Amino acid sequence: MVEKNKIYNIEIEDLGSSGEGVGKIDGFTVFVPQAIPGDRIRARITILKKRYGIGEILEILEPSKDRIESRCSLFGKCGGCQIMHIDYNAQLKMKRNKVEQTLSRIGKINTKVNPTIGMDNPFKYRNKGQFPVGIKNNKAIIGPYEMGSHNIVDTSYCHIQAPITEKIIKTIKKYIDDFSIEVHDEVKRTGLIRNIVNRFGFATGDVMVVIVTNGRKLPYKDELIRMLKENVPGLKSIVQNINTRNTNVVLGHETLVLYGEDKIVER
């Protein structure tokens, strides 16, 4: 019988829907974040349910042949990527396998699933980013949430975002710090700036920046526009989106164009 807080050796056989490793202890299913198929690990059971458990890696006894060193220093803390420590070609095979399993086991559909078509370079490809904004030690922080939490991982650079994202984040951090702009506190429901959203047209170079606010009035708006125009090549649109609701949904129903167009051209 599997017991909570007890340590077990586990062979990881599959990949879960959230990128976690899946193994079994005497037929009992255990999900282990950051473990991958082919790993043999020592893990402690941290959560125990009737039909499954969740474990944490204590030691990798034998790494999978597909395990690599993630190029991102925030991997494992940031909740944005779950399988960056798996060889890319192996990722493609695992994704194909996941589709086959879903169709056959859940959909009861037996059909051929072609190999996953990969990218030449699986980095810097995302044309949209959205990041919560916070304050730490009296300085603006912007970045994705930690895995499984609403704690912000402060960063300006992301390996999978279009490179222009870094310039946008750094500029808005400076605007917040230089002009002492209040940021939104989701617990107290106070403060102004909630999220930053950016869009980038890879074929055109067009850039849109969206500032999501907890209210209509945006202090030093002209200074923000000037700073973004000076630092963001290809800037075609700056938009303020107003979201005063108590919700995890990023965008509200009202949008104001601060500069340029209300859209960008993707291609």
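A short reminder: the numbers here are calculations on the coordinates, not readings from a lab. Predicted model, so just to flag it, every value in this text is computed and none were measured. Using ideal geometry, Cβ is built from the backbone for each residue, glycine included, and neighbour counts are taken over all protein chains shown.
The table below gives the values:
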read-out	value
Sorted largest first, extent of the stretch 81-139 alpha carbons per principal axis (Å)	57, 28, 22
Alpha-carbon centroids, the stretch 170-228 and the stretch 57-136: separation in whole Å	30 Å
Nearest 10 degrees, 0 to 90: helix 221-231 Cα axis against the chain principal axis	60 degrees
GNM flexibility winner over the chain from 189, 245, 51 (Cα, springs under 10 Å)	51
Sparse-neighbour loop sites [GluC sites (Glu not before Pro); the stretch 207-267; at most 10 other C-beta within 10 Å; DSSP]	none
Net charge, residue 116 excluded, C-beta distance under 13 Å - Lys, Arg +1, Asp, Glu -1	+3
Mean Cα-pair separation over length for the stretch 7-62, i.e. relative contact order, pairs under 8 Å, 6 or more apart, %	32 percent
Placed amide H near residue 39: partners under 5 Å, 5+ positions off or other chain	12, 64
Extension gain (nm, one decimal) between residue 110 and residue 62, 0.36 nm per residue minus Cα-Cα	13.9 nm
Given 13 as the ceiling on other Cβ atoms within 10 Å, longest exposed-site-free region of the chain for chymotrypsin sites (Phe, Trp or Tyr not before Pro) in DSSP loops	1-124
GluC sites (Glu not before Pro) lying in DSSP loop within the stretch 81-179, provided at most 15 other Cβ fall within 10 Å	none
Those lysines that a straight Cα-Cα span of less than 20 Å connects to residue 6, excepting residues fewer than 8 apart in one chain	24, 49, 50
Considering only the chain, percent of DSSP beta bridges that pair antiparallel, nearest 5	80 percent
